[in-house]
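Values quoted throughout were computed directly from the atomic coordinates according to the rules given, and no laboratory measurement underlies them. Quick caveat: nothing in here was measured; it's all calculated off a predicted structure. Reconstructed Cβ throughout: ideal geometry from the backbone, glycine too, with neighbour counts over all protein chains shown.
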2 protein chains.
Amino acid sequence: MALFVQKYGGTSVGNTERIRRVAQRVIETQRAGHGVVVVVSAMSGVTDGLIKLAREVAPDPPERELDVLLATGEQTTIALLAMALHAAGARAVSLTGAQAGIVTDGVHTKAKIANITPKQVHRLLDDGAVVIVAGFQGQTMEGQITTLGRGGSDLTAIALAAAVNADLCQIFTDVDGVYTCDPRLVPDARKLDEISYEEMLEMASSGSKVMQSRSVEFAKKFGVRFEVRNSFNNNPGTMIVEETPSMESVVIRGISVEKNQAKVTVAGVPDRPGTAAAIFNALAEAHLVIDMIVQNVSAHGATDVSFTLNKDDLARAQATLEPVVARIGAAGMSAQDGIAKLSVVGIGMRSHSGIAAKLFDCLGQGGINIQMISTSEIKIAVVLDESRLAEATQRTHAYFGLNEGAYTV
Amino acid sequence: MALFVQKYGGTSVGNTERIRRVAQRVIETQRAGHGVVVVVSAMSGVTDGLIKLAREVAPDPPERELDVLLATGEQTTIALLAMALHAAGARAVSLTGAQAGIVTDGVHTKAKIANITPKQVHRLLDDGAVVIVAGFQGQTMEGQITTLGRGGSDLTAIALAAAVNADLCQIFTDVDGVYTCDPRLVPDARKLDEISYEEMLEMASSGSKVMQSRSVEFAKKFGVRFEVRNSFNNNPGTMIVEETPSMESVVIRGISVEKNQAKVTVAGVPDRPGTAAAIFNALAEAHLVIDMIVQNVSAHGATDVSFTLNKDDLARAQATLEPVVARIGAAGMSAQDGIAKLSVVGIGMRSHSGIAAKLFDCLGQGGINIQMISTSEIKIAVVLDESRLAEATQRTHAYFGLNEGAYTV
């Protein structure tokens, strides 16, 4: 008998008929002789509806109360799923985050899990019940209701899988798994059978939004094997696993893209300690999330500092930096939106050089201009004109033969 | 500084605009220098919507999960009201039933309050915050979510008022208070300024459904003064108070009616011990709620036993009694629906006789036939043909001059 944690997202439990279908899938797992803990999100649309209500009563609702409000979404789903399982003849008991022993810090709307005491979960599993836990929520030591922020239900599932020492955590969603590239951009993108935590992290942080990075990081830290798969069919999904020696030969696993980017260049930044800090501290204090940062060697005692960010934040970033540019004595600031980021990701890059040159060659052959370059151990990212993104992605996908398999050497 | 518990029902918090209006009223009370604990119901329609969802996934949902589901309704309202108060500049903190220390027994969907430990409530009041508590819900000693059944939010308010020793509990609803009679039946019905617990209980149990009897009983037991008033205007409401000596002169306070009744007569019941018990035990085991029971003196060793009940339960009652009638050797059973009950209520009836005769006279003058009669210490109830109910009520209301004031002697 194995122990499974299954997580179903908002679309998978989007209406009562889908909840009944999820119940069937859970029962199949149980009838195969396994223990099942189910983590569910709010039904799709419910959280947005609650936020709309909140905005109607208060322009800037206090975050503590937002958590009390939003937590009702998942609580509704756990009760309905428990009822559906009951109606289908299975014993099932629902638990709120608090009841499941999920203790968080007190940072409302984006709390971190401090620890999990899954006493109730174990007791109910021992009793032969399916245990249904509300994702996305917990409570503080003092009994305050908290929510975990974006991707919170995935995190609940991964963390619970670690806490109960599950054999496998299955993340059910509305796609078949993780692809070599976004199939909307590259029609012959291929579903990956497996991917390492590190690669998944780079894919996630580069725009492949199957899962938030924080859940993948948590899984990596606690060695939780998990699978991303489709709740609407029985296709095998993608296993996210610890890196194995054989993975080293995988130079490029996939391509990740991020649209709606903008770049800002602060020109002629005096070449002395503290100037870069002045720029990025100001941005951080304005809660602006910066992605790539590029600074080249200086010439004539000054250098240019560029960074990218979501284009929706561009105006705010410019307003924030205006006084900083003057204070540090930089020459000026320029900005541009309409750009996108393309990243190639693969563990084998660690030990194989020359991939960057191949990527630049591939794009150059297509007459696609590269505006910025940034690399990590297992990733090469380039910034391009957004209008050329689809073409660049298809070209790169084909160049490295990703529709056939991973690019290996 | 006084301490108020204010309870707002589903209609009063029926949409976000109304929630903002409730926030204003709460703030006025606070600005007048008072401490305020607010108890709210689910927004009108929400509970029904949740029950509909439940029925879609399970024909007979387990009651434990029904409680988990329904409790989200009030949790939504407390968060929204706290936000609205915050937006209007007041400090407010929401508490679920569990957080407010409301401990119940484990009878799901109709739990009884076992005790209240209002530690959090006191701490927040001392801090100057408005405390908003989810009505209708609590938790067991073991941390299971429970709900209190019909009228549960009123009960939460009354019980909290007792636990925090409030100066007054205000039940805000969509009517101005308790009337001498249902204004839809008697257009010149008069709102009562005050009424005793006992009278309120008789009015409630006789069909004036401003509040459930259980809340009134709780208030009486713990001496909680409460007021029923309208959340949509500033009219003074009705105070429900301990009986005072001066109330003894009030012979008739009001008239209560109950429609949709049916009566069953078991004829020729052998006059020996245990036959009545056989009848009513069978009905109780079938969970049928019986109202009036009438048995006259026996003649020729047998008697007729009649009772009334809601007409929706009539078929089930007949089916239940069929075998009992045979077993006890009764002559037969007859049933009739299309009847209604009219009750006159007043404390002064205890010490003043002749009221029954006056009521029969009044109805007799109108040619209205009385089918059954039942009396308590402070009430006389008669069963009539439902088609004559409006006429009978108007006639009685006028006969005793209730539009002018209480009928005193």
* Across 10 Å bins from 0, what is the distribution of all Cα-Cα pair distances for chain B, in whole percents? -> 5, 20, 26, 25, 17, 6, 1, 0
* Gain in length, B:E242 to B:A88, computed as 0.36 nm per residue apart minus the alpha-carbon separation, to one decimal in nm? -> 51.8 nm
* For peptide B:85-98, how many partner chain Cβ atoms fall within 10 Å of a residue's Cβ, on average? -> 3
* Structure fact -> So, over other residues within a Cβ distance under 15 Å of A:F400, counting Lys, Arg +1 and Asp, Glu -1, the net charge is +1
* Asked: Scattering from the C-alpha atoms of region B:3-174 alone, worked out with Debye: what is log10 I(q)/I(0) at q = 0.13 1/Å?
  -> -0.57
* Could you pull the Cα extents of region A:194-236 along its three principal axes, largest to smallest, in whole Å? => 29, 23, 15
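Is it possible to state the helix-based mean residue ellipticity at 222 nm for chain A, with each DSSP H run of 4+ residues giving -39500 (n - 2.57), the sum divided by total residues, to the nearest 500 deg cm²/dmol? What is it?
-11000 deg cm²/dmol
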* For region B:373-409, list residues with backbone N below 16 Å from a point placed 7 Å from the Cα of B:D188 toward its Cβ? -> B:391-407
* Charge dipole of chain A about the Cα centre (unit charges at C-beta), most positive-ward option of A:V264, A:L3, A:A58 -> A:L3
* Fully extended, how many nm does the chain gain between A:A114 and A:E391 (0.36 nm per residue separation, minus their Cα-Cα distance)? -> 95.2 nm
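List the equivalent ellipsoid semi-axes of region A:255-408 in whole Å, largest first, each obtained as the square root of 5λ for an eigenvalue λ of the Cα gyration tensor.
Ellipsoid half-lengths, sorted descending, are 32, 17, 14 Å.
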* Cα gyration tensor shape for region A:119-221, rounded if a/c is under 1.5, else prolate or oblate -> prolate
* Just counting partner chain Cβ atoms within 10 Å, what average do the residues of peptide A:69-78 show around their Cβ? -> 5
* What does the charge dipole of the protein assembly as shown about its Cα centre add up to, to the nearest 20 debye, if the Cβ of each Lys and Arg holds +1 and the Cβ of each Asp and Glu holds -1? -> 0 debye
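What is the mean number of Cβ atoms from other protein chains located within 10 Å of the Cβ atom of each residue in peptide B:48-56, rounded to a whole number?
Per residue, the number of nearby Cβ atoms from other chains is 3 on average.
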* Describe numerically, in nm with one decimal, the distance between label points set 7 Å from Cα along Cα→Cβ at B:N165 and at A:A278. => 6.3 nm
* Asked: How many nm is it between the label spots at A:S249 and A:S376, if each spot is 7 Å from the Cα in line with the beta carbon?
  -> 2.6 nm
* **Scaled radius of gyration (Cα, divided by 2.2 N^0.38 Å) that the protein assembly as shown gives** => 1.24
* Counting other Cβ atoms within 10 Å, keep those with at most 15, restrict to DSSP loop, and tell me which GluC sites (Glu not before Pro) in region A:325-409 are left. => A:E377, A:E404
* Asked: Looking only at B:A161, B:A356, B:A87, which one moves most when chain B is put into a Gaussian network model with springs between Cα atoms under 10 Å?
  -> B:A87
* To do: Enter the per residue convex hull volume of region A:194-319, computed from alpha-carbon coordinates, in Å³ rounded to the nearest integer.
  => 170 Å³
* When N counts the residues of region A:1-78, how does its alpha-carbon radius of gyration compare numerically with 2.2 N^0.38 Å, as a ratio? -> 1.36
* To do: Sticking with the crude label model, points 7 Å out along Cα→Cβ, report the distance from A:K52 to B:D361 in nm, one decimal please.
  => 6.4 nm
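Restricting to the protein assembly as shown, what percent of DSSP beta bridges are antiparallel, rounded to 5?
Taking every DSSP beta bridge with both residues in the protein assembly as shown, the antiparallel ones total about 65 percent.
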